[in-house]
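Colleague: Shown below is the structure under consideration.
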Amino acid sequence: MTHYDVIIIGTGAGGGTLAYHLAPSGKRILLLERGDYVRREKDNWSSRAVNVDAKYHTKEVWQDKDGKPLHPHTNYYVGGNTKFYGAALFRLRKQDFGEIRHHGGLSPAWPITYDELEPYYTRAEYLYQVHGERGVDPTDPWASAPYRFPAVQHEPRIQRLHDDLSRNGLRPFHVPLGIMLDESDPRKSRCIRCETCDGFPCLVHGKSDAQVIAVDPALEYPNVTLLTNVKVTRLLTSTSGREVTGVAVRRNGAEEVFAGDIVVSSCGAINSAALLLRSANDRHPDGLANGSGVVGRHYMGHVNSVLLAISKSPNATVFQKTLAVNDFYFGDDEFMYPMGHISFIGKLDAVALSAGAPAIVPGMALDIVAKHSLDFWLTSEDLPDPNNRVTLDRDGNIVLSYTPNNAEGHTRLIAKLEHLLQHLDMHPHLVPRNLFVGNRIPLAGVAHQNGTVRFGRDPRSSALDANCKAHEVENLYVVDGSFFPSSGAVNPALTIMANAIRVGDHILERLGARMAVPVETAQ
Ligand SMILES: Cc1cc2nc3c(=O)[nH]c(=O)nc-3n(C[C@H](O)[C@H](O)[C@H](O)COP(=O)(O)OP(=O)(O)OC[C@H]3O[C@@H](n4cnc5c(N)ncnc54)[C@H](O)[C@@H]3O)c2cc1C
Ligand code: SF4
């Protein structure tokens, strides 16, 4: 049996980025991925296949806290959920790393500061080819380098919204985006700026996802091996319980065990917690690395809403997700607590609307709604409640218990947007009584999952140390979204990528490996 230096479980934002970072070291690296490559096919860009048939979602069924079936909107493929993400690649704000008082309670501090993660944010942005503009967003943290590529330009309707918002005293800015769009040379641009990006896999590999950017290039190194359709079922330990000695998998219907000096779980926050809980043994009776009891707890997924504002003039935008507003992120004169982040989802069409809300605007045909709507995405922070948690049923299946919290800030954020839009040329006649249709994202929307294997300095209240190594297991790391002790209110993927590079540096040092070629020069 081959013995590996590092085994990485999961190939998404965390695992894929880590593999890329470790690959040039020459160390033997094994990537285990339960899914396959996303098949390249026309359905990649079909609104019906993606939004109505949920063709690419896992068919796995979880349960909610009442035992009701939960069909999670999550995807098991090489590249993980980044194959489907909207590629809005934000840094957390500097203050998000400290303790922040919210209306609903405290958002705890991280064991590392923004300044410690900053160099890795810069490297992750460079690697994932983020297009953006610094210094316009009033909450933007400091950065040691400009973006590698210019911001993606607004289309005319969004530019008008930008100008209207600016006239009303706000500071809208360009969303930092990981798409390989070259607006100066469209003929050669890999990204063609289409309407099926957010939630869809990119048929032409123009999106900076973890497969295209990290896993495929890592596999060019002879020391890196990827096995797909291999689900890790348990981690086995030595009799002392201090080391992982085996990674048990299900492959082609049979059980197999792989071994490596270092084992990294990067299955996504819900599946990493589930894997540790399934790996309970005599030394770890409540789940591997779970002496603190926090594994599976503090699940966060953001308080998210989709809010359609019906515009007076048609909204012909193709790629809508270019504008965001953070003026209310930390509160304002009227509400002193954080409210959150205003941005867009990809432009909804009538097919997508028919999936979620058939009676969305009474008396108005869905295609008219779709042609006029501005499709906002509002994110507020949910707080780490120990009772919001991943557990297992007696067959080892996932149970996700969640009670919403910190809702007041989100309600205020929606009210702010509603108030603003009334001053922004929204058509009162098209929708006589109800201009705005708000839809809170249900529990199955686990896109922003994080927090379930938190890192921290105190082994009594965290499962991982500041390097994302398990306090109780010498060779086990977790580098997906699990490690967040709090989640801020911007999208999580860039923070997961940056942290994977940071942990990668630590692992290289530990292995005595020559440092990887810096990401900035590895293109
Ligand atoms: C529709 C959508 C839009 C999004 N848009 C954005 C956005 O614009 N910006 C942003 O920052 N974030 C966005 N996100 C969230 C982002 O995709 C996630 O935060 C990120 O992918 C999480 O990275 P991860 O490494 O934690 O997990 P994932 O990327 O989910 O990777 C986990 C991997 O582990 C594999 N796996 C799981 N269990 C096992 C097992 N037992 N054995 C082997 N392999 C296993 C999975 O198949 C998967 O490949 C979006 C997500 C979705 C679904
Ligand atoms: S072509 Fe560009 S806009 Fe379209 S899915 Fe790919 S990355 Fe997104």
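Colleague: Filter the range 413-458 down to the residues that are among the charged types (D, E, K, R) and at pLDDT below 95, then identify the one that is surrounded by the fewest Cβ atoms within 10 Å (Cβ to Cβ).
Modeller: Among residues in the range 413-458 that are among the charged types (D, E, K, R) and at pLDDT below 95, the one surrounded by the fewest Cβ atoms within 10 Å (Cβ to Cβ) is 433.
Colleague: It is to be established whether one or more residues within the range 92-113 are in contact with a helix residue (DSSP H, G or I) (Cβ under 6 Å, 6 or more places away or on another chain), part of a loop (DSSP other than H, G, I, E, B) and polar (S, T, N, Q).
Modeller: yes
Colleague: Regarding residue 19, is this residue aliphatic (A, V, I, L, M) and either at pLDDT below 95 or surrounded by fewer than 19 Cβ atoms within 10 Å (Cβ to Cβ) (or both)?
Modeller: No, not satisfied.
Colleague: Also: Scan 165, 181 and give me the residue that is outside any strand (DSSP E or B) and farther than 30 Å from residue 36 by Cα. Explain how you work it out, then say what you get.
Modeller: Numbers: 181 fails: farther than 30 Å from residue 36 by Cα.
On inspection, the qualifying residue turns out to be 165.
Colleague: Here is a follow-up. I want to confirm something. Restricting to the range 1-15 and keeping residues that are modelled with pLDDT of 95 or more and among the hydroxyl-bearing types (Ser, Thr, Tyr), which single residue is nearest to residue 32 (Cα to Cα)?
Modeller: 11
Colleague: Looking at the range 90-108, I want the residues that are farther than 19 Å from residue 410 by Cβ and have a partner that is of a type in the set (Val, Ile, Thr) and part of a strand (DSSP E or B) with Cβ atoms under 9 Å, at least 6 apart or on another chain. Which pairs are those?
Modeller: From residues that are farther than 19 Å from residue 410 by Cβ, the pairs are 108/100.
Colleague: Here's a follow-up. Please find, within the range 277-307, the residue that is nearest to residue 409 (Cα to Cα) out of those that are of a type in the set (A, V, I, L, M) and surrounded by 24 or more Cβ atoms within 10 Å (Cβ to Cβ).
Modeller: This residue is 303.
Colleague: Kindly provide the set of residues from the range 78-100 that are more than 16 Å from ligand 2 (Cβ to nearest atom) and of a type in the set (Phe, Trp, Tyr), ordered by number. Don't jump to the end; show me each part of the working.
Modeller: Taking the range 78-100 first, the residues more than 16 Å from ligand 2 (Cβ to nearest atom) are 78, 80, 90-100.
If the condition is that a residue be more than 16 Å from ligand 2 (Cβ to nearest atom) and of a type in the set (Phe, Trp, Tyr), then 90, 97 are the ones that fit.
Colleague: For residue 202, are the conditions met, namely being in contact (Cβ under 8 Å) with a residue 60 or more places away in the chain, closer than 26 Å to residue 353 by Cα and part of a loop (DSSP other than H, G, I, E, B)? Even if it seems obvious, please write down each step before you answer.
Modeller: On the way: in contact (Cβ under 8 Å) with a residue 60 or more places away in the chain: yes; closer than 26 Å to residue 353 by Cα: yes; part of a loop (DSSP other than H, G, I, E, B): yes.
For residue 202, the condition - in contact (Cβ under 8 Å) with a residue 60 or more places away in the chain, closer than 26 Å to residue 353 by Cα and part of a loop (DSSP other than H, G, I, E, B) - is met.
Colleague: Here's another thing I want to ask about it. Looking at (1) surrounded by 15 or more Cβ atoms within 10 Å (Cβ to Cβ); (2) within 14 Å of ligand 2 (Cβ to nearest atom), which one does residue 215 not meet, given that it meets all the others?
Modeller: (2)
Colleague: Please verify whether the range 143-162 includes one or more residues that are within 14 Å of ligand 2 (Cβ to nearest atom), more than 21 Å from the chain's Cα centre (by Cα) and not hydrophobic (A, V, I, L, M, F, W, C).
Modeller: Yes: the range 143-162 contains one or more residues that are within 14 Å of ligand 2 (Cβ to nearest atom), more than 21 Å from the chain's Cα centre (by Cα) and not hydrophobic (A, V, I, L, M, F, W, C).
Colleague: Scan the range 163-199 residue by residue and report those that are within 13 Å of ligand 2 (Cβ to nearest atom), without any contact (Cβ under 8 Å) to a residue 24 or more places away in the chain and basic (Lys, Arg).
Modeller: 190
For (1) in contact (Cβ under 8 Å) with a residue 60 or more places away in the chain; (2) surrounded by fewer than 21 Cβ atoms within 10 Å (Cβ to Cβ); (3) in contact with a His (Cβ under 8 Å, 6 or more places away or on another chain), each residue gets a yes or a no:
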site: 112; (1), (2), (3): yes, yes, no
site: 118; (1), (2), (3): no, yes, no
site: 123; (1), (2), (3): yes, no, no
site: 145; (1), (2), (3): no, yes, no
site: 150; (1), (2), (3): no, yes, yes
site: 154; (1), (2), (3): yes, yes, yes
site: 159; (1), (2), (3): no, yes, no
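Colleague: What about residue 140, is it under 30 Å from residue 485 (Cα atoms), among the charged types (D, E, K, R) and either assigned to a loop (DSSP other than H, G, I, E, B) or touching a Ser or Thr at 6+ places or on another chain (Cβ under 7 Å) (or both)?
Modeller: Considered against the rule, which asks whether it is under 30 Å from residue 485 (Cα atoms), among the charged types (D, E, K, R) and either assigned to a loop (DSSP other than H, G, I, E, B) or touching a Ser or Thr at 6+ places or on another chain (Cβ under 7 Å) (or both), residue 140 comes out as yes.
Colleague: Restrict the check to the range 202-213 and report whether at least one residue is aliphatic (A, V, I, L, M), in contact with a Gly (Cβ under 6 Å, 6 or more places away or on another chain) and within 27 Å of residue 54 (Cβ to Cβ).
Modeller: yes
Colleague: Let me ask another. What do you reckon, is residue 309 away from ligand 1 (no atom under 16 Å from the Cβ) and outside any loop (DSSP other than H, G, I, E, B)?
Modeller: Values: away from ligand 1 (no atom under 16 Å from the Cβ): yes; outside any loop (DSSP other than H, G, I, E, B): yes.
Yes; evaluated as a whole, the condition is true for this residue.
Colleague: Hey, another quick one. Select from the range 466-495 the residues that are within 18 Å of residue 261 (Cβ to Cβ) and in a loop (DSSP other than H, G, I, E, B) and write down the one among them that is nearest to ligand 1 (Cβ to nearest atom).
Modeller: Restricting attention to the range 466-495, the residues satisfying the condition of being within 18 Å of residue 261 (Cβ to Cβ) are 467-470, 472-479.
From the residues that got through so far, the ones that are in a loop (DSSP other than H, G, I, E, B) too are 467-468, 472-475, 479.
Numbers: 467: 17, 468: 12, 472: 20, 473: 17, 474: 22, 475: 18, 479: 7 Å.
Within the range 466-495, the match that is nearest to ligand 1 (Cβ to nearest atom) is 479.
Colleague: Taking the range 187-205 as the search range and keeping residues that are within 15 Å of ligand 1 (Cβ to nearest atom) and within 18 Å of residue 40 (Cβ to Cβ), which one is surrounded by the fewest Cβ atoms within 10 Å (Cβ to Cβ)?
Modeller: Here the answer is 199.
Colleague: Inspect the range 331-342 for any residue being more than 30 Å from residue 469 (Cα to Cα), modelled with pLDDT under 95 and outside any loop (DSSP other than H, G, I, E, B) and give the result as yes or no.
Modeller: No, the range 331-342 contains no residue that is more than 30 Å from residue 469 (Cα to Cα), modelled with pLDDT under 95 and outside any loop (DSSP other than H, G, I, E, B).
Colleague: Is the range 71-80 home to any residue that is assigned to a helix (DSSP H, G or I), surrounded by fewer than 16 Cβ atoms within 10 Å (Cβ to Cβ) and at pLDDT below 95?
Modeller: Filtering the range 71-80 for residues assigned to a helix (DSSP H, G or I) gives 80.
From what is left, the residues that are surrounded by fewer than 16 Cβ atoms within 10 Å (Cβ to Cβ) are none.
No, the range 71-80 contains no residue that is assigned to a helix (DSSP H, G or I), surrounded by fewer than 16 Cβ atoms within 10 Å (Cβ to Cβ) and at pLDDT below 95.
Colleague: If you take the residues in the range 71-126 that are among the hydrophobic types (A, V, I, L, M, F, W, C) and within 12 Å of ligand 1 (Cβ to nearest atom), which one is nearest to residue 404 (Cα to Cα)?
Modeller: The initial filter retains those residues of the range 71-126 that are among the hydrophobic types (A, V, I, L, M, F, W, C), namely 78, 84, 87-90, 92, 97, 100, 106, 109-110, 112, 117, 124.
Going one step further and asking which of them are within 12 Å of ligand 1 (Cβ to nearest atom), we end up with 78, 84, 87-90, 92, 124.
Values: 78: 31, 84: 25, 87: 26, 88: 24, 89: 25, 90: 24, 92: 22, 124: 31 Å.
It comes out as 92.
The values are calculated or read from the model by the stated rules, or taken from the named source; none is laboratory data. These numbers come from a predicted model, not from an experiment. Don't worry about glycine lacking a Cβ; one is built from the backbone with ideal geometry, like all the others, and counts go over all protein chains shown.
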